[in-house]
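Colleague: What follows is a single structure, and I will ask about it in a moment.
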Amino acid sequence: MSSSSHPARALTTDTVRCHRWGILAWVIGGAVAMYAIALGFVSEVSRFAGGAKAMAASMRAGVEAMRLLRWPAERLDTLGGYLSYHNVTLFVLFLCLYAAVQGAGAVRGAETSGQIEEILAAGRSRALVIRDRAVGFAVTLALVCVGLGGGLAALVAYGLGVLVSQLTRSARAAKAMAAGLLVGLYVLTNVWEELGPAGAIRFVSPFFYFNQSRALVPGHGLDLGSSAILLAMAAVLLGAAAWAFQRRDYAAGLWARRPRSRRPVRRVQRPALRTVWGATLLRERVGLLGWAGAGAAALALMAWLEPTVADMWDKFQLTQTMIGREPGLTVADQYLSFAGQIVVPIVAAYVITQAAGWVGDLKQGRVELLLASPLSWPRLVWQRLLAVLLGATAITAGAIGGLVVGALAAGAELRWLGLLRLAADTLLLAGALGAVALLVVAWLRGAAAVAVLAILTAASYLLVYLVRLFAWPDWVVRLSVFGAYGDPYIELPPWSGVAVLTTLAVLGALAAAAVAHRSPKTA
């Protein structure tokens, strides 16, 4: 293959094609979330004494207290300002995390499947492979981010993922490291004024430059200087990644340790590799540590904010409506319950990434190899579900540990029995989501499975808030798997919810095994 423009177009187009279902999921999910929160804003303004300006003024203290989670907050009395604060900032964080994960797998993941080997053998240089993949992903981001302005920040995150993947031993480790770096930069960017000289870290954060352009906020617009800096940051990261890719060994990190001579031993396989669930956890141990660490950091920060936020919540009716107001409970209890439930979207995201891995196993022929051994489809399904449960256990333990540390540091009282209920209910939810993911992957058997699963999960999660926001009938929340979750930190989950989650976990896994058994062994 020559270095003409035709191979470049082919690789760029292939990148966009591979992300077509991701584009669909982001567009639909983003549109639904923006529309729902916009309706909530209009509804609350119509009920708030004094209108939009009075509501925005009442929000200010609570917004400052929650600054670790999102910032900046300007013109909250307008729909554009409220959507930018409530949705767009978090949208860009999640999009950057998605981009970093995709960047980490763009080269290292393709090495595992052998795709890069074929491209390089055809005469394409390593630097051009990174360039063409990056251009294709830039087109993907443009399709996702029309009108939101987060594409350049996400392109920087993509470059970070590609670079980190050149330094680590595997794509899975790179995904966890890149995601952790981005979450840290996001939080530090929100509070840089409080960090003194260390606040200079904002100048290496894509979120700082993204915040300079606020397309939806009245009086603001596109900041060309910040956009140029983001573009330059992406170019530098991708250039460094191309340099590292050219100098490292194929399928190895840039600073891989040299193999040491060892005495031969009879055992050639670790005991953990004898089962699918054991091999999965061993292979993903670094990434799983990153998931647990991210959960611990998120909940520790939330708990640490408790004294300040609890004093402010009574002043903002919309927040009380969104989280629910239970009689006989302190605001501190309600806030810690809300903070504890942050583990739910983290576990849900973990399950979706596992589903993406199962699709990859089908495409790359690993499932065919597994089934060629004394392993049946039902056993493979159940072992994967067990791996999900054990991974979710590690994440939940880390998250609750962070919540405890943060609450103790803030001097907040904890409900220890509530923490146990929180852990048990989260694992039950993980089992239900894992079973549904197994069924969707067995049914669709491709990238569409991950997109469909992400859309269903996001819609189910959003439905719980819409029911509270618009005072819909209680039976509507039962349509959501998260509605069955309940409020375990404060009270025992409803038995109907426990029954729903258990039924989903068991029947979903059985259905997945039955569907998979009648399907080809490859995608």
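The values are calculated or read from the model by the stated rules, or taken from the named source; none is laboratory data. Because the structure is predicted, anything quoted here is derived from the model rather than measured. Here the Cβ positions follow ideal geometry from the backbone for every residue, glycine too, while neighbour counts run over all protein chains shown. We work out accessible area using only protein heavy atoms, side chains counted, and drop any ligands, DNA or RNA first. Shrake-Rupley method; radii C 1.70, N 1.55, O 1.52, S 1.80 Å.
Colleague: Probe radius 1.4 Å, ligands and nucleic acids ignored: give me the carbon and sulfur share of the accessible area of the chain as a rounded percent. Please report the intermediate quantities before stating the final value.
Modeller: Details: 16090 of 24300 Å².
Here carbon and sulfur together make up 66 percent of the probe-accessible area.
Colleague: Oh, and also: Using only the C-alpha atoms of region 381-501, find the volume of their convex hull and express it per residue in Å³. Write out the running numbers ahead of the final one.
Modeller: Details: hull volume 15.7 nm³, N = 121.
Once divided by residue count, the hull of region 381-501 is 130 Å³.
Colleague: Also, quick follow-up: Kindly give Rg over Rh for region 331-370, based on alpha-carbon atoms, with the Kirkwood expression for the hydrodynamic radius.
Modeller: Rg divided by Rh gives 1.40.
Colleague: Per residue, what accessible area does region 178-261 have, given a 1.4 Å probe and all protein chains present, in Å²? Intermediate results must be reported in sequence, preceding the final value.
Modeller: Values: 4780 Å² over 84 residues.
Here the per-residue accessible area is 57 Å².
Colleague: A further question follows. For region 377-523, what is the accessible area per residue in Å², given a 1.4 Å probe and the full set of protein chains?
Modeller: Accessible surface, normalised per residue, equals 44 Å².
Colleague: Could you give the distance between the Cα centres of region 65-133 and region 164-226, to the whole Å?
Modeller: Cα centroid of region 65-133 versus Cα centroid of region 164-226: 12 Å apart.
Colleague: Which is the longest stretch in the chain that no exposed loop site breaks, taking sites as GluC sites (Glu not before Pro) with a DSSP loop state and at most 15 other Cβ atoms within 10 Å? Working shown, then result.
Modeller: On the way: sites that count: GLU413, GLU491.
Value returned for the longest uninterrupted segment is 1-412.
Colleague: Right, something else. Quick check: convex hull of the Cα atoms in region 106-229, volume per residue, rounded to a whole Å³?
Modeller: Numbers: hull volume 15.7 nm³, N = 124.
Hull volume over Cα atoms, normalised by residue count, gives 126 Å³.
Colleague: When the helix-only estimate is applied to the chain (DSSP H runs of n ≥ 4, each -39,500 (n - 2.57), divided by the residue count), what is the mean residue ellipticity at 222 nm, nearest 500 deg cm²/dmol? Could the numbers behind the result be given before it?
Modeller: Working: 23 runs with 374 residues, N = 523.
Helix contribution divided over all residues of the chain: -24000 deg cm²/dmol.
Colleague: For the chain, what relative contact order do you get, as a whole percent, if you take Cα pairs closer than 8 Å and at least 6 residues apart?
Modeller: On the way: 743 pairs, mean separation 82.8, N = 523.
About 16 percent, as a whole number.
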